[in-house]
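Below: the structure, in structure tokens.
The values are calculated or read from the model by the stated rules, or taken from the named source; none is laboratory data. Predicted model, so just to flag it, every value in this text is computed and none were measured. Cβ placement follows ideal geometry from the backbone for every residue including glycine, while neighbour counts extend to all protein chains displayed.
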Amino acid sequence: MILVRQEKIAIVLILVVIAAVAITTFFLESAGKGAFAHPMGPDSREGDLVFLQGSVEEVRATATGGHQILRVAGVRVFIPSTAVRSGWPGVGDEIRVYGTVQTYRGEREVLVRSGGDITAVRSPP
């Protein structure tokens, strides 16, 4: 099968687009969520990517599903079961959390997507 000029150009353009997407993805992943998130605050809107840093005031498991709910600096943080790490974080740990703002039963909360979205700033003595 012999390719005509237009087909060769189309294949080259597709390869250039694939390379551009791969390079962009690499740099965005390297930058991390911190480059795009803003601090959780009263002006944060539903669906915003935010970060929250503070001491863990409460840790509890949900009645079903194996999810976890934290209270960090007065803000509710929902951790789905796929992101829960047994025994961490604990009350008193200083953590930084990245997630999406959502409202659940009238209360605003931060929804964490993965375990990597929670990092320790420091642990209590």
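Some notes on this structure:
- Residues (exposed (fewer than 10 other Cβ atoms within 10 Å of the Cβ) and not polar (S, T, N, Q)) located in region 2-11: Ile2, Val4, Arg5
For every residue, the table says whether it meets (1) at pLDDT below 90; (2) in contact with a Pro (Cβ under 8 Å, 6 or more places away or on another chain).
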| position | (1), (2) |
| --- | --- |
| Val77 | no, no |
| Val84 | yes, no |
| Gly87 | yes, no |
| Ile95 | no, yes |
| Thr100 | no, no |
| Glu109 | no, no |
| Ser114 | yes, no |
| Asp117 | yes, no |
| Pro125 | yes, no |
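- Subset of region 34-58 (residues that are within 19 Å of Asp93 (Cα to Cα) and either small (Gly, Ala, Ser) or more than 19 Å from the chain's Cα centre (by Cα) (or both)): Gly54, Ser55, Glu57, Glu58
- Selection from region 38-87 of residues that are within 13 Å of Arg113 (Cα to Cα), touching a strand residue (DSSP E or B) at 6+ places or on another chain (Cβ under 9 Å) and of a type in the set (Ser, Thr, Tyr): Ser81
- Residue within region 87-109 that is of a type in the set (Lys, Arg) and not in a strand (DSSP E or B) present: yes
- Meets criteria (among the hydroxyl-bearing types (Ser, Thr, Tyr) and farther than 13 Å from Leu52 by Cβ) for Thr82: yes
- Unique residue being surrounded by 14 or more Cβ atoms within 10 Å (Cβ to Cβ) and hydroxyl-bearing (Ser, Thr, Tyr) when the list is Ser55, Ser81, Ser86: Ser55
Per-residue answers, yes or no, for (1) farther than 19 Å from Ala120 by Cα; (2) touching a residue at least 12 places away in the same chain (Cβ under 8 Å); (3) of a type outside the set (Gly, Ala, Ser):
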site: Glu7; (1), (2), (3): yes, no, yes
site: Gly54; (1), (2), (3): no, yes, no
site: Ala83; (1), (2), (3): no, yes, no
site: Ser86; (1), (2), (3): no, no, no
site: Pro89; (1), (2), (3): no, yes, yes
site: Gly92; (1), (2), (3): no, yes, no
site: Gln102; (1), (2), (3): yes, yes, yes
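- Scanning region 48-71 for residues that are modelled with pLDDT of 90 or more and in a loop (DSSP other than H, G, I, E, B) returns Asp48, His67.
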